[in-house]
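Here the structure comes first, spelled out in structure tokens, and everything after it is commentary.
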Amino acid sequence: MADHWCCHRRTILSTLLVCLTLFGSLLVKWPSLMKPFLTAELNEFMVPYDSTNTNSTNTLIPDDSTNTHSSTNTTILVWHWAFGSKQDIHGNVCQDRFGIPNCFLSDDRSLFPQADFVIFHNRELINGQQLPLHLPRPEEQGWVWFSWESPAHNGNIKFLDGKMNYTMSYRRDADFFVPYGWLEPHNVGSGMTVDDFIPKNKSYLACWVVSNYAGHHKRTQVYNKLKKVIPVEVYGGAMGRRLNGEQLLPTISRCYFYLSFENSQFQDYVTEKLWSNALKGGAVPVVLGPSRKNYEAMIPKDSFIHVDDFWSVEELGAFLKKLAEDRERYASYFKWKLNYRVSAYDNWLVDPLCRICTIRSTLQKPKVYRNLYDWERK
């Protein structure tokens with residue numbers, strides 16, 4: 001009897017040992033086993049996209065880090081093309097250009113009932129294009145207000161209050177951020193120095209290309225004072241000295257400084273005058289636009305000169321003359337080129353639309369802009 005009990009006890013102990021071993025193994029593997037369920041739970045309760053959040057880094061690279069493509073199709077309907085510039089978007093444009101699946105663009109208005117997003121360009125709206133308020137609107141459909149203009153040129157948009165769900169703009173706090181340009185990391189390779197990036201044919205102290213020359217613009221007032229202190233070569237239709245696309249950058253490259261003067265001063269409104277003209281053209285930008293702090297969120301603080309850094313335009317002019325004569329100090333404004341290069345959309349009317357699909361799952365729902373006019377001016 002005693003022998004039977006001992007045998008039975010050994011069996012129980014052996015079974016308990018096996019169970020404890022299995023339990024220990026499960027504890028080790030528990031995080032990986034539960035990861036799919038925990039991830040699904042976290043995704044379900046993700047904090048909605050914060051439209052007040054701004055990028056404070058020294059580059060403005062459109063952030064595709066989420067890259068969360070929906071497994072279902074996303075249809076984006078362009079209600080009217082900006083400035084009447086119709087684009088060819090036949091086929092699977094987003095897949096072909098960027099490898100973005102399940103993302104389809106169309107300008108066929110008959111697809112309105114199926115569209116997930118409808119894009120409305122502001123210029124056409126303020127010029128009389130009507131919103132499709134007469135059509136039954138799908139409950140989950142998002143209407144997107146799109147503008148690359150500053151508030152000074154967007155007109156009275158109060159009639160859009162309560163109708164738009166999302167914004168697409170150069171503003172960094174827009175739902176769909178569409179900058180005029182940005183800096184992206186770039187490895188230039190060993191052996192390159194700053195001098196390799198400075199055009200050798202500098203022959204003008206400063207130049208400016210302007211198509212909209214108006215006396216009430218602050219930039220015109222600054223220019224009229226500056227030209228009395230230093231020589232400024234001025235080009236553009238307003239001056240009767242037009243430059244075509246092939247002439248623009250070679251002309252700018254001959255200038256030590258380029259006047260990247262915006263036509264109005266608003267938060268984040270920094271256009272091709274900085275990105276495509278000065279920085280690509282190989283001239284140090286002298287900027288007039290939003291604050292220095294705002295520019296520093298886009299480009300390194302030692303890559304540009306801000307008009308507001310000086311007590312007077314006369315002081316600015318004297319500084320530019322002195323800087324052009326100091327080869328080493330002038331070269332320091334090009335240090336950024338050792339680590340970055342300028343990038344921009346190949347097609348600003350099409351490319352940003354594809355990006356909507358990459359961040360769709362992060363968008364706050366439901367959302368309506370009750371006061372779009374105040375939002376763009378804050």
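Here is a list of conditions, (1) free of Cβ contacts under 8 Å to residues at least 40 places away in the same chain; (2) surrounded by fewer than 17 Cβ atoms within 10 Å (Cβ to Cβ); (3) not in a helix (DSSP H, G or I), and PHE104 meets all of them except one; can you say which number that is?
Result: PHE104 fails condition (2) only.
If a residue has to be closer than 22 Å to ASN122 by Cβ and part of a helix (DSSP H, G or I) to count, how many in the stretch 148-205 make the cut?
Matching residues across the stretch 148-205 total 6.
Can you find a residue in the stretch 261-273 that is part of a strand (DSSP E or B), within 22 Å of LYS301 (Cβ to Cβ) and either more than 22 Å from the chain's Cα centre (by Cα) or in contact (Cβ under 8 Å) with a residue 12 or more places away in the chain (or both)? Explain how you work it out, then say what you get.
Narrowing the stretch 261-273 to residues part of a strand (DSSP E or B): 261.
Subsequent filtering for residues that are within 22 Å of LYS301 (Cβ to Cβ) retains 261.
When the remaining residues are screened for being either more than 22 Å from the chain's Cα centre (by Cα) or in contact (Cβ under 8 Å) with a residue 12 or more places away in the chain (or both), the result is 261.
Yes, the stretch 261-273 has at least one match.
Can you tell me which of (1) modelled with pLDDT of 95 or more; (2) basic (Lys, Arg); (3) surrounded by 14 or more Cβ atoms within 10 Å (Cβ to Cβ) is the one ARG355 doesn't meet?
Every listed condition holds for ARG355 apart from (1).
So if I check each of ASN212, ASN224, which one is of a type in the set (S, T, N, Q), closer than 24 Å to ALA152 by Cα and part of a helix (DSSP H, G or I)? I'd like the intermediate steps shown before the answer.
Working: ASN212 fails: part of a helix (DSSP H, G or I).
One residue alone meets the criteria, ASN224.
Return the residue satisfying two criteria in turn: it lies in the stretch 120-162 and is of a type in the set (Lys, Arg) and surrounded by fewer than 17 Cβ atoms within 10 Å (Cβ to Cβ), and of such residues it is farthest from HIS217 (Cα to Cα).
The selected residue is ARG137.
For the stretch 192-206, enumerate the residues that are touching a Phe, Trp or Tyr at 6+ places or on another chain (Cβ under 6 Å) and closer than 29 Å to GLY240 by Cβ.
Result: LYS202, LEU205, ALA206.
Quick one: which helices (runs of 4 or more DSSP H) sit completely within the stretch 281-378 and have at least 3 residues that are under 24 Å from GLU184 (Cβ atoms) and hydrophobic (A, V, I, L, M, F, W, C)?
Numbers: elements: 292-296, 313-325, 327-331, 351-359, 372-377.
Answer list for the stretch 281-378: 351-359.
Inside the stretch 307-352, can you point out the residues that are buried (at least 19 other Cβ atoms within 10 Å of the Cβ) and without any contact (Cβ under 8 Å) to a residue 60 or more places away in the chain?
If the condition is that a residue be buried (at least 19 other Cβ atoms within 10 Å of the Cβ) and without any contact (Cβ under 8 Å) to a residue 60 or more places away in the chain, then TYR333 is the only one that fits.
Is the stretch 238-248 home to any residue that is part of a helix (DSSP H, G or I) and crowded, with 19+ Cβ neighbours inside 10 Å?
Checking the stretch 238-248: not a single residue is part of a helix (DSSP H, G or I) and crowded, with 19+ Cβ neighbours inside 10 Å.
The values are calculated or read from the model by the stated rules, or taken from the named source; none is laboratory data. Note that the structure is predicted; figures quoted are calculated from it, not measured. Reconstructed Cβ throughout: ideal geometry from the backbone, glycine too, with neighbour counts over all protein chains shown.
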